Amino acid sequence: MTITRIDHDAALIVIDMQQGILRFNSDAADRIVQATASMAQRFHETGRPVVWLHAQGLPDVRTDAGLGASAEMPEEAMILDPHLPVAEGDLDIRKRATSAFTVESLESWLRARGVTQVVITGLATGMGVLSTAFSAYDRGFHVVIPADATTDMNAARGKAVLNDILPAIAEVGTSEDVLRLA
């Protein structure tokens, strides 16, 4: 797994790193929050855009996993971890889907800033991160996944996605790679 470069016009997209979801991933929460905070700070320092996504829930559909028809997430559960450096000018949006690109304004916001590459972090590797990565790839963005800044409650799914699926559409490496190259 390797990250070859971070474009000058890259954006950081942070998926669902809110208190109500991180508490279900407590073993990895500190690691991914710290890695994401470091990258967000670097993106701010270098004038690159940062996008913060908040999951409001999932689409009201039936699935074998029973994830559909979920209720609206309580407002207090949508608050980002307080260690994440949200800054003025960042895009802060809510979604009721797995992919960040279901929010129609996201792509136009990125295009208006000349973004060519997205670095995606957050939860869950096999859901929000994966679907956002595929959506970004399908829209012609270069995709980077810092593996140590993602996690999945299903460890086997997360590992399979990072090792077997994402390398087909993205460069997969570490947050240290992103910091070194940004």
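The antiparallel fraction among DSSP beta bridges confined to the chain stands at about 5%. In this view, the solvent-accessible surface of Phe24, computed with a 1.4 Å probe and all protein chains in place, comes to about 120 Å². Taking Ala155, Ala97, Ala35 as the candidate residues, the one with maximal mean-square fluctuation in a Gaussian network model of the chain, Cα springs under 10 Å, is Ala155. Evaluated with a Cβ-only charge set (Lys, Arg +1; Asp, Glu -1), the stretch 100-175 carries a dipole of roughly 80 debye about its Cα centre, given to the nearest 20. Other residues lying with their Cβ under 13 Å from the Cβ of Met78 contribute a combined charge of -2, Lys and Arg counting +1, Asp and Glu -1. In terms of its alpha-carbon gyration tensor, the stretch 82-182 comes out rounded; the largest-to-smallest axis ratio a/c stays below the 1.5 threshold.
Sequentially through the stretch 90-104, phi angles give Karplus couplings (6.51, -1.76, 1.60; θ = phi - 60°) of 5, 8, 10, 9, 10, 9, 10, 5, 7, 8, 5, 6, 6, 7, 4 Hz, Gly and Pro residues having no value and appearing as x.
For the chain, the relative contact order is 31 percent, taking Cα pairs closer than 8 Å that sit 6 or more residues apart in sequence and dividing their mean separation by the residue count. Positive contributions from Lys and Arg (+1) and negative ones from Asp and Glu (-1), summed over other residues with Cβ under 13 Å from the Cβ of Gly122, come out at -2. Take the Cβ atoms of Glu176 and Glu72, set R0 to 35 Å, and the FRET efficiency comes out at 0.40. Dividing the summed helix terms, -39500 (n - 2.57) for each DSSP H run of n ≥ 4, by the number of residues in the chain produces a 222 nm estimate of -8500 deg cm²/dmol to the nearest 500. Length, then width, then depth: along the principal axes, the Cα atoms of the chain run 41, 35, 31 Å. Residues Ser131, Ser105, sorted by accessible area with the largest first, give Ser105, Ser131 [1.4 Å probe; ligands and nucleic acids excluded].
The values are calculated or read from the model by the stated rules, or taken from the named source; none is laboratory data. Here the structure is a predicted model, which is why all the values come from computation and not from measurement. Here the Cβ is made from the backbone with ideal geometry for all residues, glycine too, and neighbour counts use every protein chain on show. Note: accessible area is taken over every heavy atom of the protein model, side chains too, but ligands, DNA and RNA are not part of it. Shrake-Rupley method; radii C 1.70, N 1.55, O 1.52, S 1.80 Å.
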